[in-house]
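Data first, discussion second: the structure below is written as structure tokens.
The values are calculated or read from the model by the stated rules, or taken from the named source; none is laboratory data. Predicted, not measured: the structure shown is a model, and the values here were computed from it. All Cβ positions, even for glycine, are placed from backbone atoms using ideal geometry, and neighbour counts span all protein chains on display.
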Amino acid sequence: MPSRLEKFVKDWDDSPKPSVKERIARIIHPPPPMRYKLAMALYKVKIQVNRLEHLFNKLQERDKMLFEKVVSAQMMKDSARAAIYANEVAEVRKIAKTVLRAQLALEQVALRLETVRELGDVLVTMAPIVEVIKDIKQHLKGIVPEIAFELDEIDSTLHSIVLEAGEFTGTTIDSTIVSGEAKKILEEASIMAEQRMKEKFPELPLSGISTGESASLPAPPK
């Protein structure tokens, strides 16, 4: 029975079956396994998106629990305890925002990989997402090192595909364009993360509480 990964790769590769002549030619001169590498990378990226989404939901639950403790401490006129919980809320929200930004950026990476499947423009389409993966990996390695490790492997795979594509076509791509496109993807993810944080996390009742993150806490949902 085929594994989920094998089924994913098989379903993804919906190209016409090669003729006998083409099959013989491929045996003599086998093509680089670029399409398989792309399928593997896409599969792994989607796994990390799911893991980050699950982590974000857990952080949201912890935030809710701590938020209730802040309110309870304030009702008991215990400002010192309220401040402790409020600072913990601020830390949880800082991590949650980083996780959400990473999740949204990886969703864009997955879309780009699917675009490669449709259009086949490997070099131009994929070069920016290699930079995106590197950025996400750096931001997550201190929070969820196991996901950062997986992203390191994905980064290596995508980098090898870009190198193969460049060697195969004999072309190069302007690094300035690559960096600019990667920056755009990351900025869009940051903006979306900021908006979703405002929607999902209520504002703390900060009267009488001193927290290092109070100025950047999200506004109440509308």
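Close contacts from the range 64-79, counting a first residue that is assigned to a helix (DSSP H, G or I) and a second that is among the hydrophobic types (A, V, I, L, M, F, W, C) and surrounded by fewer than 15 Cβ atoms within 10 Å (Cβ to Cβ), with Cβ to Cβ under 9 Å and a gap of 6+ residues or different chains, come to ALA73/ALA80.
Table: residues versus (1) modelled with pLDDT of 95 or more; (2) crowded, with 23+ Cβ neighbours inside 10 Å; (3) among the acidic types (Asp, Glu); (4) not in a helix (DSSP H, G or I).
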| site | (1), (2), (3), (4) |
| --- | --- |
| ALA82 | no, yes, no, no |
| ALA86 | no, yes, no, no |
| ALA96 | yes, yes, no, no |
| LEU100 | yes, yes, no, no |
| GLN103 | yes, yes, no, no |
| GLU107 | yes, no, yes, no |
| GLU118 | no, no, yes, no |
| VAL124 | no, no, no, no |
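Restricting attention to the range 167-212, the residues that are farther than 22 Å from ILE136 by Cβ, surrounded by fewer than 16 Cβ atoms within 10 Å (Cβ to Cβ) and at pLDDT below 65 total 11.
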